[in-house]
Structure formats: C-alpha cells, structure tokens
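In what follows, a structure is listed as structure tokens, so that the remarks can point back to it.
The values are calculated or read from the model by the stated rules, or taken from the named source; none is laboratory data. If you're wondering where the values come from, they're calculated on a predicted model, not measured in any experiment. A quick note on method: Cβ atoms are made from the backbone with ideal geometry, for glycine too, and the neighbour counts reach across all protein chains shown.
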Amino acid sequence: RTPLDPRTLLDLDQAHVWHPYGPMPGTATPLLVESAAGVRLRLAEPAEGHRELVDGMSSWWAAIHGYGHPVLDAAVRGQLDRMSHVMFGGLTHEPAVRLAATLVEITPAPLQHVFLADSGSVSVEVAVKMCLQYWASLGRPEKHRLLTWRGGYHGDTFHPMSVCDPKGGMHRLWGGVLPRQVFAGEPPAGFDAAVDEAYAAELADLLERHAGELAAVIVEPVVQGAGGMRFHSPGYLRLLRELCDAHDVLLVFDEIATGFGRTGELFAAGHAGVAPDVMCLGKALTGGYLTMAATLCTSRVADGISRGEVPVLAHGPTFMGNPLAAAAANASLGLLLDQDWRTEVKRIESALRTGLAPAAELPGVADVRVLGAIGVVQLDHPVDMAAATRAATRHGVWLRPFRDLVYTMPPYVTGEDDLARIGEAVVAAAAAG
Ligand code: PLP
C-alpha cells in the first residue's frame, strides 16, 4: 500500500465521500486529521498556522476522556485478542452483559432492560418501536403517535426525524412521508427559570386531547442539542411525568447528548428527579471510541411487549452488542465512575463561564449560556461557518459552529490552559461569525 499524500486524500474525499449533511461533490475542504491524543487533534497539514488543535467538540459530545486514553486503548486491545465480534442471536458474552448490568445500576431505578443498538438514531428507533409495540401488544394499536416539543433533535432515520424540530430541513424535505406527530411549542428557555404556567397548560391540553392516539412523549431532557443548544427547566420534565401518568402515555428521555455527566448530573433526568419509561443513550457511552448506543426500558414496557401476539421485541441488528464497543463502554464507564466526575464537570463549567463571558459584550450576540460542560454563544444572525471556524482554528481550537450558534463541549480531561484557549476561540469565532 503506497501512502497517499494529503492533497490526493482530500481530492478523493471531495470526489467520493459524503460528510454529515454535506453536498456531493464536497465543496468545503475538511481538515485532514492524522492522529488524536489527549485533547488534541493532529492535522496532516497546518491550518491557520496550527498543526494541532484542541478539540472543543469532544467529537460531538462523545470523547469525554479525550483520545488515546491508555485505559480505553488497553480495554479495546484486550478485547481484540479475545474476539472482535460474534452474532448476538443465540450467543452472548461478558462485555455486553457487564455493560447492560452497569447501565441498569446507574440509570433511574425503574429502567431494568437494555437493548444495545448501533447508533443514537437506531436507539431512538428502538425506543419508538418499544412504545408502539407495547400499546399494540395491549390491544391499543391506535396509540401510535408521539408528542414532542419543538426545537428537538433525535437523529436522522425516519422516526427520529419525525420528532425533530418541524421548522428544520428534515421536515422541509420529508414532511410528506414522515409519520405525523404532535408538537408542543419550544420549552421556555432557561435552566433556572420558573415553570411557565401558560406553557404548562399548553402541554396539559395537548396531552389530554391526544392521549387516545399517543404512544409516548419523547424529549431531550434539560438540554436540546443539535436542534438549537437550548436549556430549559427540569420542572417541565416533572410536569411531563405527571401528565404522562395521568393520561396513560409513555415517557421517553433521549439522553444521547446529555448522558454521562455532561449537564452536571450523571443523567439529565437527575436534575428533575424523575424516571422515564424508556431512555436512549449513545455518544459518550463508549467514550467516543466505537459506535454503540443503548435503549433502556422498564419492566412495565417489557412485560407489555411480552404479552403481545408477537411476544418479542422486533429488532435485532447484525452488530448488536459488539464486544469491542461494549469493552470500550465498560472501560469508559469505569473511568468516569471511579473519578470525581462531578468536580471535573463543575471545573469546566466555571472555566466556560469565565471564558465565554466577554462574548456577551460583542455586537450581534443574542445570548451566552453555560450548563455543566456545555458553553453556548447564540448570535442574532446565521453564523458564517467558514469565518467562525477559521477564527477558532487561528486560536488552535477545533469548533463546529452551526445555524446561529458557536458552542463547545470539551472533553472532561481538558486542562485549565486549554479551557482558557477554548474560551478565547469561542469568543473569536462569535466575533468573526
Ligand atoms: N438524539 C440526540 C439527542 C442527539 O444529539 C443525536 C445526535 O446528535 C442523536 C439522537 C442521533 O445520534 P446518532 O448521530 O449517533 O445517530
């Protein structure tokens, strides 16, 4: 194999490789990453004078322990020596069983059963399937719709798209073929804000009117991620729990982005002290090493499905429970839970509060907000992605602004100097974008 030089690789990339939400052929040239270690991405060629960039994105919420962590590396290598994959139908193995048992232990108590899915979107598909199958099994197939609030993002396969924000591109493209769901308004902004009475009444009214056809309510708890990086009061989660119980509707929390400490609680549901009937996890589950997600449900849901005409959960992907990914997840959870992750997340929160504060003084900035290890600068106009990314890169930091947002969620292992640098880069990107 002859090594390919960077120029050739980038030409081939543009000609043949789709990137997330990208055109074909590619137009913007991606940065070519050669390796990653700690919190740094090493580029094949310098960008804006930097060969290494501090990763302000944790590879989209996933790499909470940074890259090339010796414990994670050893876990995956050790598993590779035993087996990289076996089918999960009729077979099982320690990494998957151990992972499921740990997830049951650390998530809210009623969640007892775990489906190991291959990606976040698939885990949401599985969650929807669990809910629809639950009601069908109980002889209520008319309860097949979902209620969500606007401004959400749940993934890009069809059921997840149907509960993404209806103003977004998903619905513009696919409105005609997506399952038709019930939408409440966006939850009022502000983690510390009091529950808005009018909004609470809107939720109550929608639940009451649609209960007969609703299988479940699905929301991102406390932080809406890719739909707009909005924070809302945990009070709305308590309200949804009450309304779902009152109207016999299941409650699904999509914790794919918020899970594993990112918001300052191990799971965002913890801010509200409520348990959903179904919970989706992904992203940081494997510390960002390998693709794996999980859907957990209560015994009520599992027992309901078991009583149906088809008494099995009708889902089973080829790579379900992949041992390498499960080994990475076990190691990542071990690392997280054995350390004082709460203090680390608080440390990042306070560094981001300090670092992002100057952005509030910039013209064109609508809001600056921080929660846990998440920092957001919202502009009053669409961001110029290329200019904002270049400005961050000039500070030696990797950011991926979108829509009207410049934001960061650094790995938990990011040191003080690098956090300060990320803060400067976010402010510079907001100024340039
Ligand atoms: N749900 C939420 C809350 C997400 O943030 C994402 C990804 O950004 C998904 C679901 C989809 O996960 P994946 O991209 O792994 O399919």
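Cβ-Cβ distances below 7 Å connect the following pairs, each with a first residue in segment 147-159 that is modelled with pLDDT of 95 or more and of a type in the set (A, V, I, L, M), a second residue that is surrounded by fewer than 21 Cβ atoms within 10 Å (Cβ to Cβ) and part of a helix (DSSP H, G or I), and a separation of six or more residues or different chains: Leu147/Leu206; Leu147/His210. A single member of Gly38, Gly89, Gly56, Gly49 is in the same structural domain as Gly423 (by TED's automatic domain parsing) and loosely packed, with under 11 Cβ neighbours inside 10 Å, and it is Gly49.
Could you check, for segment 154-163, whether at least one of its residues is in a loop (DSSP other than H, G, I, E, B), of a type in the set (S, T, N, Q) and out of contact with any Leu (no Cβ under 9 Å at 6 or more places or on another chain)? Yes.
Just to be sure, is Leu285 outside any helix (DSSP H, G or I), out of contact with any Pro (no Cβ under 9 Å at 6 or more places or on another chain) and among the aliphatic types (A, V, I, L, M)? Taking the combined requirement at face value, the residue does not satisfy it. Filtering Gly334, Gly321 for residues that are surrounded by 17 or more Cβ atoms within 10 Å (Cβ to Cβ) and either closer than 19 Å to Tyr289 by Cα or touching a residue at least 60 places away in the same chain (Cβ under 8 Å) (or both) leaves a single hit, Gly321. Suppose we keep only residues that are under 22 Å from Pro317 (Cβ atoms) and of a type in the set (Gly, Ala, Ser) within segment 126-165. Which one would you say is surrounded by the most Cβ atoms within 10 Å (Cβ to Cβ)? For segment 126-165, the residue satisfying everything is Ala127. Taken over segment 151-187, the residue count meeting the criterion of being more than 14 Å from the ligand (Cβ to nearest atom), touching a helix residue (DSSP H, G or I) at 6+ places or on another chain (Cβ under 8 Å) and among the charged types (D, E, K, R) is 1. Which residue pairs have Cβ atoms closer than 8 Å, lie 6 or more positions apart in sequence or on different chains, and pair a first residue in segment 352-365 that is closer than 13 Å to Glu424 by Cα with a second residue that is part of a helix (DSSP H, G or I) and not aliphatic (A, V, I, L, M)? What qualifies is Leu352/Gly423; Thr354/Gly423; Gly355/Gly423; Gly355/Glu424; Leu356/Gly423. Looking at segment 12-20, is at least one residue surrounded by fewer than 19 Cβ atoms within 10 Å (Cβ to Cβ), modelled with pLDDT of 95 or more, part of a helix (DSSP H, G or I) and among the charged types (D, E, K, R)? Yes, some residue in segment 12-20 is surrounded by fewer than 19 Cβ atoms within 10 Å (Cβ to Cβ), modelled with pLDDT of 95 or more, part of a helix (DSSP H, G or I) and among the charged types (D, E, K, R).
Considering Pro276, Pro311, the condition of being more than 16 Å from the ligand (Cβ to nearest atom), of a type outside the set (Val, Ile, Thr), within 19 Å of His113 (Cα to Cα) and outside any helix (DSSP H, G or I) is satisfied by Pro311 alone. Close contacts from segment 118-145, counting a first residue that is touching a residue at least 12 places away in the same chain (Cβ under 8 Å) and a second that is assigned to a helix (DSSP H, G or I) and within 15 Å of the ligand (Cβ to nearest atom), with Cβ to Cβ under 7 Å and a gap of 6+ residues or different chains, come to Gly120/Lys283; Ser121/Pro160; Val124/His159; Val124/Pro160; Glu125/His159; Glu125/Pro160; Val128/His159. Please indicate, with yes or no, whether at least one residue in segment 190-212 is in contact with a His (Cβ under 7 Å, 6 or more places away or on another chain), at pLDDT 95 or above and within 14 Å of the ligand (Cβ to nearest atom). No, every residue in segment 190-212 fails to be in contact with a His (Cβ under 7 Å, 6 or more places away or on another chain), at pLDDT 95 or above and within 14 Å of the ligand (Cβ to nearest atom). Considering segment 231-250, and only residues there that are within 18 Å of the chain's Cα centre (by Cα) and not aromatic (Phe, Trp, Tyr), the residue that is surrounded by the fewest Cβ atoms within 10 Å (Cβ to Cβ) turns out to be Pro234. Only one of the numbered conditions (1) surrounded by 12 or more Cβ atoms within 10 Å (Cβ to Cβ); (2) out of contact with any Asp or Glu (no Cβ under 6 Å at 6 or more places or on another chain) is violated by Thr2, and that is (1). Inside segment 242-262, can you point out the residues that are more than 12 Å from the ligand (Cβ to nearest atom) and in a loop (DSSP other than H, G, I, E, B)? Residues satisfying the conditions are Asp248, Val249, Phe260, Gly261. Remark: pairs (first residue in segment 219-248, under 16 Å from Ile374 (Cβ atoms); second residue of a type in the set (Lys, Arg) and surrounded by 22 or more Cβ atoms within 10 Å (Cβ to Cβ); Cβ separation under 7 Å; 6+ apart in sequence or on different chains) = Gln224/Arg230.
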